[in-house]
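J.: Before anything else, here's the structure in question.
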Amino acid sequence: TTNPALASNNSFNFTGVPGTASGGGTLVISAMGDLDLSYEDWNIQDENGVALGSIGGSGTQCGTVFTITITLSDAQLNAWATDGNIDFTALDPSGSDVNTTQATLPTVIFRTKLRCILAPL
């Protein structure tokens, strides 16, 4: 999932998620933009607002591609997928430190990939 209209609070939705997870999974997140200062980052949260990690806060302005991988358990995946959707949020804690309009696309990116094995119901 890619969200090109970035703001202080960004939603990433994986729809039509079937079945039950087996063997866990990973959430892979890549971002590039105004993320060079220690306070310029996005906090990654699950659909219940639980913190999973953060991305940014170093590197060069609009020149460093950050990638993080968050390990997800079967329990997490199954709880999130009960409605057939899994949602994540990338939140700028200050609401204004990450300047999402400073650089033009495709320089500012935020991309998420959800990888897991799901057995049909």
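J.: Checking Ser54 against (1) closer than 18 Å to Thr112 by Cβ; (2) touching a helix residue (DSSP H, G or I) at 6+ places or on another chain (Cβ under 8 Å); (3) small (Gly, Ala, Ser), which test does it fail?
T.: Every listed condition holds for Ser54 apart from (2).
J.: Next question, about the same structure. Here are the criteria: (1) surrounded by 13 or more Cβ atoms within 10 Å (Cβ to Cβ); (2) modelled with pLDDT under 80; (3) over 12 Å from Asp46 (Cβ atoms). Tell me which single one Leu114 does not satisfy.
T.: Exception for Leu114: condition (3).
J.: With the structure loaded, tell me whether Thr71 is loosely packed, with under 14 Cβ neighbours inside 10 Å, of a type outside the set (D, E, K, R), closer than 18 Å to Arg115 by Cα and within 15 Å of the chain's Cα centre (by Cα) or whether it fails that test.
T.: The answer is yes for Thr71.
J.: Do you know which residues across region 59-99 are closer than 20 Å to Gly23 by Cα, assigned to a loop (DSSP other than H, G, I, E, B) and either among the small types (Gly, Ala, Ser) or free of Cβ contacts under 8 Å to residues at least 24 places away in the same chain (or both)?
T.: Within region 59-99, Ser73, Gly84 qualify.
The values are calculated or read from the model by the stated rules, or taken from the named source; none is laboratory data. As the structure is a computational prediction, the values presented were derived from the model and not from experiment. Cβ atoms come from the backbone with ideal geometry, glycine included; neighbour counts cover every protein chain shown.
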